[in-house]
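The values are calculated or read from the model by the stated rules, or taken from the named source; none is laboratory data. Keep in mind that what you see is a predicted model, and the values were worked out from it rather than measured. All Cβ positions, glycine included, derive from the backbone under ideal geometry; neighbour counts span all protein chains shown. Just so you know, the surface numbers come from the protein's heavy atoms only, side chains and all, with ligands and any DNA or RNA stripped out. Shrake-Rupley method; radii C 1.70, N 1.55, O 1.52, S 1.80 Å.
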Amino acid sequence: MSKTCLIYQPAGIGDILFCQSIAKHYVGLGYQVIYPVKSNLTYLKDYLIYDGVTFVDESSDFPYKEYYDQGGRSIMEGDFIYLNLDQSQSVVGLREGFMLSKYNLVGLDYNSWVDGLQITRNKGREDWLFYDYLKLTDDDEYPVHYGKT
């Protein structure tokens, strides 16, 4: 029987990126991590590519879905862990802040969160955005706007 870790932190790209070190930590402990995300964020699976971490649409069927989004606390039963990172502050408190509570819940130092983040570029999608969507050429500069114009 393999070990499975189901993470509940479906929304907010910032939260999802911030929690990648947590997912990779559990992979390092021998768990297969299932990471459901909101339907409009499933494209992240093309950019966050890690052995042992599977991003799935939270509205689809996936293993252990019966535990998902139950509004409860994290569960640790044998070879299964359900991490409710969305509710971590209710377990560890807000003394150090909402985002830090996610790392405190699993006993990790949040200071190294960026070390676990690896974004794989999608050159095809970048080219589509630049050439097809924005209709730019190689001689054009990518438009950058700061503040009001």
Original post:
What is the distance, in nm, between label points placed 7 Å from the Cα along the Cα-to-Cβ direction at I49 and at K123?
Top reply: 1.2
Subject >> GNM flexibility winner over the chain from L105, L17, L129 (Cα, springs under 10 Å) >> reply: L129
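What share of the DSSP beta bridges in the chain is antiparallel, in percent to the nearest 5?
20
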Original post:
Remind me, relative contact order of the chain in percent, using alpha carbon pairs under 8 angstrom and six or more residues apart?
Top reply: 26
**OP:** Treating the Cα atoms of the chain as identical point scatterers in vacuum, please give the log10 of the normalised Debye intensity I(q)/I(0) at q = 0.14, 0.15, 0.20, 0.21 Å⁻¹, two decimals.
**Re:** -0.74, -0.81, -1.24, -1.34
Subject >> Choice from D51, D127, D138 with maximal GNM fluctuation in the chain (Cα, 10 Å cutoff) >> reply: D138
Original post:
Of L44, L136, L83, which has the largest mean-square fluctuation in a 10 Å C-alpha GNM of the chain?
Top reply: L136
Original post:
Setting aside same-chain residues fewer than 8 positions from K135, which lysines have a Cα under 20 Å from its Cα?
Top reply: K123
Original post:
Which percent of the accessible heavy-atom area of segment 14-61 goes to carbon and sulfur, probe 1.4 angstrom?
Top reply: 51
**OP:** Sequence neighbours fewer than 8 away in the same chain don't count; with that in mind, list the lysines whose C-alpha is under 26 Å from K65.
**Re:** K3, K24, K38, K45, K102
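How much net charge surrounds I16 when only other residues with a Cβ under 15 Å from its Cβ are counted (Lys, Arg +1; Asp, Glu -1)?
Net local charge, I16 excluded: -1.
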**OP:** For segment 23-64, just say rounded, prolate or oblate: build the C-alpha gyration tensor, square-root its eigenvalues into a ≥ b ≥ c, call rounded for a/c under 1.5, and beyond that prolate if a/b exceeds b/c, oblate if not.
**Re:** oblate
